[in-house]
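All remarks here apply to the structure that follows.
Please treat every number below as a calculation from the coordinates, not as lab data. Keep in mind the model is a prediction, meaning the values are calculated, not measured. Note: ideal-geometry Cβ built from the backbone for every residue, glycine included; neighbour counts use all protein chains shown.
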Amino acid sequence: MIGAILGFLSNNVLNMRIPVMIQSLIEMAIIGALVLMGFAAMMTGSFEFSPLTSGSISILGLSLPSYQASFIGGSLIAVAFMLGGIAIQHPFNACLGPNWTQDRMLMLAAECGFLSMIAVSVMSMALINIVAAVVSLIVSLVGWYYTYVKYIELSKRDAAGWLDSKPIPDVEGQ
């Protein structure tokens, strides 16, 4: 709903008049919500609401309930939001240009997603079982390494296409 409201305001109040603005912002809001849900589930180990808002701190073998040891109270939601935003937006900003190829951009998107998952899996060590956190860290590292190597390979392929290109000549008289 927020995507539709922002798209409507952008097109009609700010007069941007971009034909796909409303649809694109709706899609971005949905994708952002799904990424945040995924990171929340990865950090807390559950889709339930209680692990998001309440946690416990173990001190000398005693478990003390604490709001700060949770996904929302510990401000992990803010970090997950920023990591998700970077993983979603960076590939488009980095790869669009005169020599744009979709396979390279999608590989960078996967690489950024796995890179964000590495940080999320490290933060999950405070909230979930250490074995589950280590498994998610290993999966994230393996996925990041594979996509990073493939992205570099695709970048080299695309850079080789520009090897013999000449620079754009300067216009005289300026």
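Observations on the model:
- Normalised Debye scattering of the range 90-155 at q = 0.15, 0.26, 0.28 Å⁻¹ gives log10 I(q)/I(0) of -0.51, -0.98, -1.08, counting only Cα atoms as equal scatterers and leaving out solvent.
- Treating r as the C-beta distance of LEU141 and GLU48 and R0 as 30 Å, the FRET efficiency rounds to 0.60.
- Ordering of 72-84, 117-129, 138-150 by packing [mean C-beta count within 10 Å, highest first]: 117-129, 72-84, 138-150
- Theoretical gain in end-to-end length, MET1 to GLU27 [0.36 nm per residue, Cα-Cα removed]: 8.3 nm
- Linear extension gain, ASN93 paired with SER155, 0.36 nm per residue minus alpha-carbon span: 20.8 nm
- The overall shape of the range 2-160, judged from the alpha-carbon gyration tensor, is oblate: a/c is not under 1.5, and a/b is no greater than b/c.
- With 0.36 nm allotted per residue and the present C-alpha distance subtracted, the MET82-MET125 stretch has 13.6 nm of extension available.
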